Structures are given as C-alpha cells and as structure tokens.
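Asker: A single structure is presented below for examination.
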Amino acid sequence: MIAVEDVSVSFGGVRALSEVSFTVPEGQVCGVIGPNGAGKTTLFDVVSGLRRPGAGSVRVGGRDVTAVPAVRRARAGVRRTFQRTQVFGRLTVADNVLAAMEWRGGGGGLLADLTAWPGRRARERRRRERVDEVLELCGLSALRDAYAAALPVGGRRLVELARAIADRPSLLLLDEPTSGLDAGQTARLKEVVAALDTTVLLVEHDMGFVMETCDRLIVLNLGKVIATGTPAEIRGDPAVRAAYLG
C-alpha cells in the first residue's frame with residue numbers, strides 16, 4: 001500500500017529526513033516511532049502530500065504520488081489526523097463526520113435539488129446511516145448533537161478519528177492519536193483500529209499502545225530509519241534502546 005524510497009527533506013541546512021525507505025503491505029497497522037525531532041511528522045507530511053520531498057519517491061497503492069497534491073490524495077482514499085486536533089468547532093459531532101462525505105456531492109446537480117430527486121434523498125440517507133455506524137464505533141453516539149468545540153481534547157480527537165474513517169479510507173495516517181485520551185478512550189481507539197479494514201500508519205509515543213496495536217514498527221532517529229521489524233524485534237534491538245526506548 002505504501003512504498004517510500006530514498007525520501008529526503010531539508011529545511012535550510014537541517015536534514016529532517018535522509019534517504020528514508022520502507023514499505024507497508026496492504027491491511028497492515030504500522031507504527032512510526034522515535035524521539036522528538038526524529039522526522040516523524042515530516043514523514044507524514046510527505047506521505048499525505050502536504051510537503052513534497054527534495055529527493056525520493058512515494059507510491060500509494062502502486063501509484064507514484066510524489067507530485068500529487070494532498071487534496072487529490074485524499075480523494076483517492078488517503079486520510080489523516082493531526083497532532084493538534086482539527087475539528088469544525090461550530091458544527092455538531094454528527095455534522096463533523098457527515099462533512100467528510102460531502103465532497104462527493106449529492107448527485108443530480110441543480111435539477112435534483114429543485115425536484116427533490118429520490119436518488120438524492122437515498123444517497124443522503126445512506127450517508128447518515130454511515131454517520132450513525134461510525135459514531136457508534138468511536139463511542140460518540142451520546143454526543144452526536146454536541147458542538148465539537150465544547151468537547152475536551154480527548155473527545156475532539158475521537159471526532160477527528162470518526163471523520164477520518166467515515167468515507168472508508170484505503171490508507172489512514174494517525175499522528176499521535178492517543179494524545180489527550182483517557183484510558184477508556186485509548187481502549188476504544190485500539191478497538192477502532194483493530195476493526196478497520198484498511199492500512200494504517202501511525203506515529204505514537206505511547207509504547208504500550210504501539211506494542212499492542214501495531215503489526216510492524218519503523219524507528220526513526222535524526223531523520224534516518226535505524227530499524228524496522230515486529231514490536232518484539234524492535235523492543236530487543238540495541239540501537240533502538242540506545243536511541244529511544246532506553
């Protein structure tokens with residue numbers, strides 16, 4: 001699903017990523033770990049299309065997307081959450097999730113709007129049914145009519161997660177998804193990730209969550225990949241212990 005080859009990114013004289021290469025098979029949950037400043041978020045920016053690398057290539061689903069903008073990647077099935085929650089504060093929780101599917105349009109154009117075309121109503125009904133499914137999965141059903149801005153950070157993060165999975169992405173990027181979550185919400189997040197039928201790439205500092213959730217790990221340090229492997233292999237890697245796990 002993802003193939004990153006020799007990707008490098010520089011900010012002035014600082015090398016944020018240096019010849020980073022890895023692959024993630026379809027359907028796998030892969031974690032990216034490493035100390036602060038290792039280049040994890042920069043890597044996410046490159047994969048999601050928010051930043052073009054200075055060198056190297058990115059392939060998603062077998063297609064070279066190195067020069068493809070973020071909007072087109074999103075419409076092709078790439079979804080992302082951020083370190084700082086990004087919700088529509090003046091919309092309800094349900095409408096935040098519904099908004100993720102509005103880009104497809106209602107079908108039928110202006111004529112369908114004027115004539116209340118049955119196909120338009122059926123499509124809207126299916127979307128709202130999907131919203132109900134996602135809210136239930138993320139434990140947000142009781143908050144569906146609450147305004148997103150009124151929720152604590154953990155609630156907003158779950159809203160962002162629900163919005164990211166509503167349109168059934170083929171690739172989901174989660175940037176520090178447990179940040180701000182309490183124990184119950186973290187357990188819910190783990191259940192959601194396990195239930196998804198999609199490829200997941202996540203950046204996370206909660207090693208308990210990472211070790212229990214991910215099939216495979218990529219370790220970055222100073223912009224370079226220093227190890228890849230299963231959680232058990234990474235836990236016992238001397239280089240990883242010296243650079244990050246301690």
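Asker: Whole-Hz Karplus ³J(HN,Hα) for segment 47-54, in order, using 6.51 cos²θ - 1.76 cosθ + 1.60 and θ = phi - 60°, x for Gly and Pro?
Answerer: Karplus values, whole Hz, x for Gly and Pro: 5, 7, x, 6, 9, 8, x, x.
Asker: If each residue of separation counts as 0.36 nm, what is the full-extension length gain between Arg144 and Ala3 once their alpha-carbon separation is subtracted?
Answerer: 47.0 nm
Asker: Just the Cα atoms of the chain: what Rg and Dmax do they give in Å?
Answerer: 19.1, 67
Asker: Give me the distance between the Cα centres of segment 14-73 and segment 186-216, rounded to whole Å.
Answerer: For segment 14-73 versus segment 186-216, the Cα centre distance is 18 Å.
Asker: In sequence order, what are the phi-derived ³J(HN,Hα) couplings for segment 133-148 according to the Karplus relation 6.51 cos²θ - 1.76 cosθ + 1.60 with θ = phi - 60°, rounded to whole Hz, with x for glycine and proline?
Answerer: For segment 133-148, the Karplus curve yields 4, 5, 4, 5, 4, 8, x, 10, 4, 5, 10, 4, 9, 7, 6, 4 Hz.
Asker: Here is a follow-up. Counting only protein heavy atoms and using a 1.4 Å probe, what share of the accessible area of the chain belongs to carbon plus sulfur, as a whole percent?
Answerer: Answer for the chain: carbon and sulfur cover 51 percent of the accessible area.
Asker: May I pose another question? Just to check I understand the Karplus step: with θ = phi - 60° and J = 6.51 cos²θ - 1.76 cosθ + 1.60, what whole-Hz values come out for segment 77-88, glycine and proline as x?
Answerer: Karplus values, whole Hz, x for Gly and Pro: x, 8, 10, 8, 10, 10, 4, 9, 4, 10, 10, 8.
The values are calculated or read from the model by the stated rules, or taken from the named source; none is laboratory data. Computed from a predicted model, the values in this text were never measured in an experiment. In case anyone asks, the SASA skips ligands and DNA or RNA and just uses the protein heavy atoms, side chains included. Shrake-Rupley method; radii C 1.70, N 1.55, O 1.52, S 1.80 Å.
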